[in-house]
Amino acid sequence: MTRAACVAGPGGWDRVTWAPGGGDPGPECRSGGGDTGRVDDRLTLLTRQDCHLCAAAREAMARVAATAGVGWREIDVATDEELDREYGDRLPVILLDGKEHGYWRVEEARLLRDLAR
């Protein structure tokens, strides 16, 4: 299965794909967001286009990442049927270390506390 993600990195947003055999990366990445200069896998924001809550969550993730000094990535669930099936009805979804941390809004204080653990 091919997945696409927008990753906040040193040069801004980059679109990356990963999967055995490659494949179509899906929609273009959005511009803007939390460029911390560091990319890692601890924080992931699951979104979709035209999601009114996703813009606010994106801004909150940028603040959390900047405060904690970590990178984060954004994945549009439209690029992955499995993610869409699992999370599509409650976007945006925040993943910390690959596990669901919350949905619909970013609880910044709680996320910062849990990142510090």
Checked pairs for the stretch 79-96, first under 14 Å from CYS51 (Cβ atoms) and free of Cβ contacts under 8 Å to residues at least 40 places away in the same chain, second assigned to a loop (DSSP other than H, G, I, E, B) and of a type in the set (Phe, Trp, Tyr), C-beta under 9 Å and 6 or more apart or across chains, list as ARG90/TRP104
If you go through ALA62, ALA109, ALA68, the only one that is under 14 Å from the mean Cα position of the chain (by Cα), modelled with pLDDT of 90 or more and of a type in the set (Gly, Ala, Ser) is ALA62
Out of (1) in contact (Cβ under 8 Å) with a residue 60 or more places away in the chain; (2) assigned to a helix (DSSP H, G or I), the one ILE75 does not meet is (2)
The residue that is nearest to THR44 (Cα to Cα), considering only those in the stretch 78-117 that are part of a loop (DSSP other than H, G, I, E, B) and of a type in the set (Lys, Arg), is ARG105
Within the stretch 52-64, the residues that are closer than 15 Å to GLY102 by Cβ, in contact (Cβ under 8 Å) with a residue 40 or more places away in the chain and surrounded by 16 or more Cβ atoms within 10 Å (Cβ to Cβ) are ALA57, ALA60, MET61, VAL64
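The values are calculated or read from the model by the stated rules, or taken from the named source; none is laboratory data. As the structure is a prediction and not an experimental result, all values here were calculated from the model. Note that we place each Cβ from the backbone using ideal geometry, even for glycine, and neighbour counts take in every protein chain shown.
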